[in-house]
Amino acid sequence: MFDNIIENAQTAIINSVCELIKFKSVSVETQNSKMPFGEACKEVLEYILNLAETLGFRTKNLDGYCGYIEFGEGKDLVGIIGHLDVVPAELEDGWYSDPFIPNIRDNKIYGRGAIDDKGPVIASLYAMKAVLDSGQKLNKRVRLILGLNEEKNWNCIKHYKEMGEESPTIGFSPDADFPCIYAEKGILSVRLQHPFSIPFMEILEINCNHNALNVVPKYCSITLKDTHSATTKLEFHGTAAHAAHPDLGDNAITKLVKYLNSQLPEKQTQDEFTILTKLYDLGLFDITTPQFLSTEPIEDESGVLTSNVGFLGFANQLLEIGLNLRVPVHTPLSEIKSKFEKLAEMFPCMQINFTAEQAPLYIEKNNNLIQTLTRIFQQKTNLPANPIAIGGGTYARAFPNCVAFGANMPGQKDMCHQVNEFIDIKNLILSTKIYAETIYELAK
Ligand SMILES: [Zn+2]
């Protein structure tokens, strides 16, 4: 019904993705009320809101935190939740061309944000345009909500809610994978602190380059001074990966811990010396279901519990260990937290803090929204359309009754946050067609 309109708009769609890529919209939290996430974020939002107005939509800029684009009439609201901020990228990281100058090669648009999430945002916008221009009657309003702080702290969505803006009654987020995601594991971040020292050595520094807890650390070093004042720096290298898939990385912190444990002189009993060995033996560095949580794997339809030790530091004679856990949807986070509290009870000097948590997202597979999205995906692609469960947290959690839907195609390498990120033009246009049909189905 909308495919012809979209095919005729192909050039405009490609150009719009390229224009968005040119904004270096890495979200930086500032004190400037005119641009709470920096100049490029302010400008990219203004650009797309202007574009949307020329296409015939109503728009609203919410103080530079986020904005939305809307059309249609009716009491209920269909939401599409995307973002315009991106993760940093530098040519030196190994890009074939400047990540903020769009480059079309082999029918793909290369550039930071191409698939996460500027391409899918433009697909959603032109899908709305196709529905608008088709003249089909809708009974609900459709609103594309665009955040500018998704890659950091979601303060954009917080602002949207604080301003009393309407929550969609149903919706999707074009910021992950097709066919659609019905389950996202719970997320828990924990920090442990304990006095620590190494016999006959002074610890000058432990450094993991301020690694974020949701990333498998690729580097960790320790600098030691011996009793003759000679200093040694030991460096350990691994491979970075997303914390939702610690099995795909190689943890540099764990390598350092294993090394230190192998060097511990025998007959040490005080916790101050043996804490790392004891925690290691209790399974704190295990990547799936750490042993102290359960001797049986904690798993369900959303997969197994995973854990990533993402931070190791040393300050004021205290060792600090930071972890990020991905908890299967049917296991309450409170159960996992109480296991950590029990662990802390075993060590009288241990401090424990839960620094972040996100409840899981779970919508029954036979729910109407999931059924509608997968049916449309299958009709448009002729591909199998089994909804999937993931360990990551998507933007769909911003609102109830919302799931992640595209735009990465099944079997395609996930280029989000990667060097040489791209969106395939064929898939960009196909996604636009899928979204148009979806908007119509949800809003008619
Ligand atoms: Zn994203």
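Here are the numbers for this structure:
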item	result
Unique residue being surrounded by fewer than 20 Cβ atoms within 10 Å (Cβ to Cβ), assigned to a helix (DSSP H, G or I), modelled with pLDDT of 95 or more and touching a Phe, Trp or Tyr at 6+ places or on another chain (Cβ under 7 Å) when the list is Glu53, Glu7, Glu70, Glu43	Glu43
Answer from Ile370, Ile423, Ile352 - the residue that is aliphatic (A, V, I, L, M) and part of a helix (DSSP H, G or I)	Ile370
Criterion violated by Leu293 - all others in (1) over 30 Å from Glu364 (Cα atoms); (2) assigned to a loop (DSSP other than H, G, I, E, B); (3) touching a residue at least 40 places away in the same chain (Cβ under 8 Å) satisfied	(1)
Selection count where residues are within 17 Å of Gly72 (Cβ to Cβ), in contact (Cβ under 8 Å) with a residue 24 or more places away in the chain and surrounded by fewer than 23 Cβ atoms within 10 Å (Cβ to Cβ), scope the stretch 122-177	14
All positions within the stretch 80-94 that are among the small types (Gly, Ala, Ser), within 21 Å of Ile122 (Cβ to Cβ) and more than 10 Å from the ligand (Cβ to nearest atom)	Ala89
Test: residue in the stretch 162-183 that is assigned to a helix (DSSP H, G or I) and away from the ligand (no atom under 16 Å from the Cβ)	yes
Leading residue by the ranking (surrounded by the fewest Cβ atoms within 10 Å (Cβ to Cβ)) among those in the stretch 404-423 that are closer than 19 Å to Lys22 by Cβ and away from the ligand (no atom under 12 Å from the Cβ)	Val419
Residue selected from the stretch 132-152 under the condition within 14 Å of the ligand (Cβ to nearest atom) and either over 22 Å from Val26 (Cβ atoms) or assigned to a loop (DSSP other than H, G, I, E, B) (or both), by the criterion farthest from the chain's Cα centre (by Cα)	Leu148
Single residue of the stretch 108-131 satisfying the filter (assigned to a helix (DSSP H, G or I) and of a type in the set (D, E, K, R)) that is farthest from the ligand (Cβ to nearest atom)	Lys129
Condition met for Leu204 (surrounded by 15 or more Cβ atoms within 10 Å (Cβ to Cβ) and out of contact with any helix residue (DSSP H, G or I) (no Cβ under 6 Å at 6 or more places or on another chain))	no
Check on Asn61, outside any helix (DSSP H, G or I) and assigned by TED's automatic domain parsing to the domain that holds Ser134	yes
The stretch 209-247, subset within 20 Å of Leu188 (Cβ to Cβ) and among the hydrophobic types (A, V, I, L, M, F, W, C), residue modelled with the highest pLDDT	Val216
Glu335 vs. criteria part of a helix (DSSP H, G or I), acidic (Asp, Glu) and either assigned by TED's automatic domain parsing to the domain that holds Lys152 or more than 23 Å from Ile253 (Cα to Cα) (or both)	yes
Output for the stretch 184-212, where each listed residue is away from the ligand (no atom under 16 Å from the Cβ), under 15 Å from the mean Cα position of the chain (by Cα) and outside any loop (DSSP other than H, G, I, E, B)	Gly186, Leu188, Ser189
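The values are calculated or read from the model by the stated rules, or taken from the named source; none is laboratory data. All values derive from a computational prediction rather than experimental measurement. So basically every Cβ, Gly included, is an ideal-geometry build from the backbone, and we count neighbours across all protein chains shown.
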